[in-house]
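In what follows, a structure is listed as structure tokens, so that the remarks can point back to it.
The values are calculated or read from the model by the stated rules, or taken from the named source; none is laboratory data. No experiment lies behind these values; they were computed from the predicted model shown. Virtual Cβ from ideal backbone geometry, glycine too; neighbours counted across all protein chains shown. To get the accessible areas, we keep the full protein, side chains included, count just its heavy atoms, and leave off ligands, DNA and RNA. Shrake-Rupley method; radii C 1.70, N 1.55, O 1.52, S 1.80 Å.
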Amino acid sequence: MKVLVIGSGGREHALAWGLHRSGATVGILPGNAGTLREGVNFSGSWKDRASVQQVIEAFRPDLVVLGPEAPIAEGLVDWIRQTFRIPVFAPPQKTAFLEASKIQAKEFMARNGIPTASFETHTDLHSALKSVEQWPTWPVVIKADGLAGGKGVVIAPDKTTATQTLIDFMEKGKFGPASQRVVLETYLEGYEASVFVLIDSEYRYQVLGDAMDYKRLLDGDRGPNTGGMGAISPHPKLSHAERQQILDRVIRPTIEGLKKEWFPYSGVLYFGLMITDHGPYVLEYNIRFGDPEAQVLIPRLKGDFARLLYRYATASNGESEVQTDEHLHAVTVILASQGYPVQYETGKVIEGLEDLRDQPNVLIFHAGTSLQGQKVVTAGGRVLNVVGLGTTLSEARTHAYQAVQKIRFEGMTYRTDIAAF
Ligand code: AMP
Ligand code: GLY
């Protein structure tokens, strides 16, 4: 099977690795220095349809897998299916609202009885400010309606911050049209969990696994939010009973809601949850794998990953024989450039990768790297995802950090407390 992966980060390297491991011939558009080990990198960008067309016509994939949400929201899935009649692992544009519009996603949850924080939606600044004036419990959570690269949520501790945020979002257009409309919602207490579910166009589904991610830059969950500085799978805190509640109260009603309301799906649905004393609440849906959660989920799968994705992209019959290895733990530590997430330099030579190539229980997924001649150099804020595997969480953590010690580049920074409990 030939599979084309679209994207260039650590998630896409993990996807390409899983596909290559199951015997697929892999192409990546555009990929990075790490994905070169799993297949062929094609230059170009998904933003340019002519370059996508060129790659598809040259490579002739049997399946296309989309990594990030932006091309899904922009309609690339529908275009590929219609133009080339190739199966795509990702939902159509019609259902992209689950991630691309917080307002529509919250309204979907409300209509379908899916537990989520109570909320209001506002389309004009005046009414939003008036509501904040009388907000009953603080903090208030303010969410830009549209895609804002993970930066569209502000937890405002008081009226002054809330007012300023609303002005930035709605009047100053901080995220352009994406922040013209907002959701105001109740702050929930608990701990967060990410759950990943494969769904096909017949609404058959399979829970792939769960993960915990570390969004803050610094040890002890301090510092600014980032795209993710580490992740663990399985989630270390979820109990059997909580997993069952998530299935009964969140996953099933979501899939039934999609079916009832005629929203087609095929691909993976990512549930971002807050686990509270009153059970699980949905914070957000994402219509794709998490990054860096994919990097700890995919290595735990046993079976033919390419067939699995193909099956969910095409709704072909037959039980999937792919299962998550419940006895395998995975921990990833993100190696970032000094100054990330604000400002950082690139082009720093990375050393130590060769020695880790065939190390058991260690996988290196590249996030922001490129090749300069024979040398691998940094090319982004998040540079490498070092994954440790083990039969216990602490063993997986040890393997990850032992590998981190062997890698060097100028300005390399990382958290030292991933999976430390
Ligand atoms: P979202 O993009 O909706 O997942 O929000 C980003 C982050 O904001 C989440 O991962 C949570 O840490 C936090 N968050 C969002 N909504 C709430 C809420 N209602 N209560 C508490 N924290 C929240
Ligand atoms: N890890 C968070 C995300 O992928 O959105």
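Among the residues that make up segment 88-101, is at least one of them among the β-branched types (Val, Ile, Thr), closer than 24 Å to residue 253 by Cβ and either in contact with a Gly (Cβ under 8 Å, 6 or more places away or on another chain) or modelled with pLDDT under 95 (or both)?
Looking only at segment 88-101, we keep the residues that are among the β-branched types (Val, Ile, Thr), and these are 88, 95.
Still in the list and also closer than 24 Å to residue 253 by Cβ: 95.
The next check asks that each one be either in contact with a Gly (Cβ under 8 Å, 6 or more places away or on another chain) or modelled with pLDDT under 95 (or both); those that pass are none.
Among the residues of segment 88-101, not one is among the β-branched types (Val, Ile, Thr), closer than 24 Å to residue 253 by Cβ and either in contact with a Gly (Cβ under 8 Å, 6 or more places away or on another chain) or modelled with pLDDT under 95 (or both), which makes the answer no.
Let me confirm something: among 96, 70, 90, which residue is touching a residue at least 60 places away in the same chain (Cβ under 8 Å), closer than 25 Å to residue 16 by Cα and surrounded by fewer than 21 Cβ atoms within 10 Å (Cβ to Cβ)?
70
Quick one: in segment 119-138, of everything that is more than 30 Å from the chain's Cα centre (by Cα) and polar (S, T, N, Q), which residue is nearest to ligand 1 (Cβ to nearest atom)?
Looking at residues that are more than 30 Å from the chain's Cα centre (by Cα) and polar (S, T, N, Q), I get 137.
For the structure I just gave you, tell me whether residue 334 is touching a helix residue (DSSP H, G or I) at 6+ places or on another chain (Cβ under 6 Å) and under 30 Å from residue 378 (Cα atoms).
no
For residue 311, indicate whether it is open to solvent by less than 40 Å² (accessible area, probe 1.4 Å) and closer than 28 Å to residue 143 by Cα. Quick ask: steps written out before the conclusion?
Values: open to solvent by less than 40 Å² (accessible area, probe 1.4 Å): yes; closer than 28 Å to residue 143 by Cα: no.
Taking the combined requirement at face value, the residue does not satisfy it.
Taking residue 165 as meeting all but one of (1) more than 29 Å from residue 395 (Cα to Cα); (2) hydroxyl-bearing (Ser, Thr, Tyr); (3) surrounded by fewer than 18 Cβ atoms within 10 Å (Cβ to Cβ), write down the number of the exception.
Among (1) more than 29 Å from residue 395 (Cα to Cα); (2) hydroxyl-bearing (Ser, Thr, Tyr); (3) surrounded by fewer than 18 Cβ atoms within 10 Å (Cβ to Cβ), the lone unmet condition for residue 165 is (3).
Going by the structure shown, is residue 273 more than 24 Å from residue 76 (Cβ to Cβ) and either of a type in the set (Val, Ile, Thr) or within 14 Å of ligand 1 (Cβ to nearest atom) (or both)?
yes
Inspect segment 139-160 for any residue being away from ligand 1 (no atom under 13 Å from the Cβ), open to solvent by 80 Å² or more (accessible area, probe 1.4 Å), part of a loop (DSSP other than H, G, I, E, B) and out of contact with any His (no Cβ under 9 Å at 6 or more places or on another chain) and give the result as yes or no. Walk me through it before giving the result.
Taking segment 139-160 first, the residues away from ligand 1 (no atom under 13 Å from the Cβ) are 158-160.
Adding the requirement that they be open to solvent by 80 Å² or more (accessible area, probe 1.4 Å) leaves 159-160.
From what's left, part of a loop (DSSP other than H, G, I, E, B): none.
Checked against the condition, which is being away from ligand 1 (no atom under 13 Å from the Cβ), open to solvent by 80 Å² or more (accessible area, probe 1.4 Å), part of a loop (DSSP other than H, G, I, E, B) and out of contact with any His (no Cβ under 9 Å at 6 or more places or on another chain), segment 139-160 yields no hits at all.
The conditions are (1) outside any helix (DSSP H, G or I); (2) more than 16 Å from ligand 1 (Cβ to nearest atom), and residue 81 fails exactly one of them. Which is it?
Result: residue 81 fails condition (1) only.
Quick one: how many residues across segment 329-369 are small (Gly, Ala, Ser), surrounded by 19 or more Cβ atoms within 10 Å (Cβ to Cβ) and part of a loop (DSSP other than H, G, I, E, B)?
2
What pairs come out if I take residues in segment 203-222 that are closer than 19 Å to residue 412 by Cβ and pair them with residues that are open to solvent by 70 Å² or more (accessible area, probe 1.4 Å) and more than 16 Å from ligand 1 (Cβ to nearest atom) whose C-beta lies under 9 Å away, six or more apart or interchain?
Close Cβ pairs (under 9 Å, with a partner that is open to solvent by 70 Å² or more (accessible area, probe 1.4 Å) and more than 16 Å from ligand 1 (Cβ to nearest atom)) amount to 219/416.
Give segment 403-421 a look and list any residue that's over 13 Å from residue 230 (Cα atoms), open to solvent by 10 Å² or more (accessible area, probe 1.4 Å) and in contact (Cβ under 8 Å) with a residue 40 or more places away in the chain, or say none.
406, 408, 409, 410, 411, 412, 421
How many residues does segment 224-237 contain that are open to solvent by 10 Å² or more (accessible area, probe 1.4 Å), at pLDDT 95 or above and within 16 Å of ligand 1 (Cβ to nearest atom)?
From segment 224-237, those open to solvent by 10 Å² or more (accessible area, probe 1.4 Å) are 224-227, 234, 236-237; that's our starting set.
Within this subset, residues satisfying the condition of being at pLDDT 95 or above are 234, 236-237.
In the following step, the residues that additionally are within 16 Å of ligand 1 (Cβ to nearest atom) were identified as 237.
Total satisfying the criteria: 1.
Which members of segment 161-191 meet the condition of being assigned to a helix (DSSP H, G or I), within 16 Å of ligand 1 (Cβ to nearest atom) and in contact with a Gly (Cβ under 9 Å, 6 or more places away or on another chain)?
Result: 169, 178, 179.
Going through segment 254-298 one residue at a time, which ones are over 30 Å from residue 392 (Cβ atoms) and assigned to a helix (DSSP H, G or I)?
Across segment 254-298, the qualifying residues are 254, 255, 256, 257, 258, 259, 260.
For segment 136-158, which positions are farther than 15 Å from residue 105 by Cβ and either more than 16 Å from ligand 2 (Cβ to nearest atom) or among the hydroxyl-bearing types (Ser, Thr, Tyr) (or both)?
The answer is 136, 137, 138, 139, 140, 142, 154, 155, 156, 157, 158.
Quickly run through segment 199-213 and pick out the residues that are under 18 Å from the mean Cα position of the chain (by Cα) and either more than 14 Å from ligand 1 (Cβ to nearest atom) or over 30 Å from residue 121 (Cβ atoms) (or both).
Once the filter is applied, which keeps residues that are under 18 Å from the mean Cα position of the chain (by Cα) and either more than 14 Å from ligand 1 (Cβ to nearest atom) or over 30 Å from residue 121 (Cβ atoms) (or both), segment 199-213 yields 199, 206, 207, 208, 209, 210.
Looking at 420, 403, 396, which is the one that is part of a helix (DSSP H, G or I) and in contact with a helix residue (DSSP H, G or I) (Cβ under 8 Å, 6 or more places away or on another chain)?
403
The rows are residues; the columns are (1) among the aromatic types (Phe, Trp, Tyr); (2) over 30 Å from residue 387 (Cα atoms).
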residue	(1), (2)
14	no, no
22	no, no
30	no, no
55	no, yes
58	no, yes
71	no, no
74	no, yes
84	yes, yes
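If you take the residues in segment 181-198 that are away from ligand 2 (no atom under 16 Å from the Cβ), within 22 Å of the chain's Cα centre (by Cα) and not β-branched (Val, Ile, Thr), which one is surrounded by the most Cβ atoms within 10 Å (Cβ to Cβ)?
Only one residue fits best here, namely 198.
All but one of (1) under 23 Å from residue 142 (Cα atoms); (2) within 17 Å of the chain's Cα centre (by Cα); (3) among the polar types (S, T, N, Q) hold for residue 276; state the number of the condition that does not hold.
Checking residue 276 against (1) under 23 Å from residue 142 (Cα atoms); (2) within 17 Å of the chain's Cα centre (by Cα); (3) among the polar types (S, T, N, Q), the one that fails is (2).
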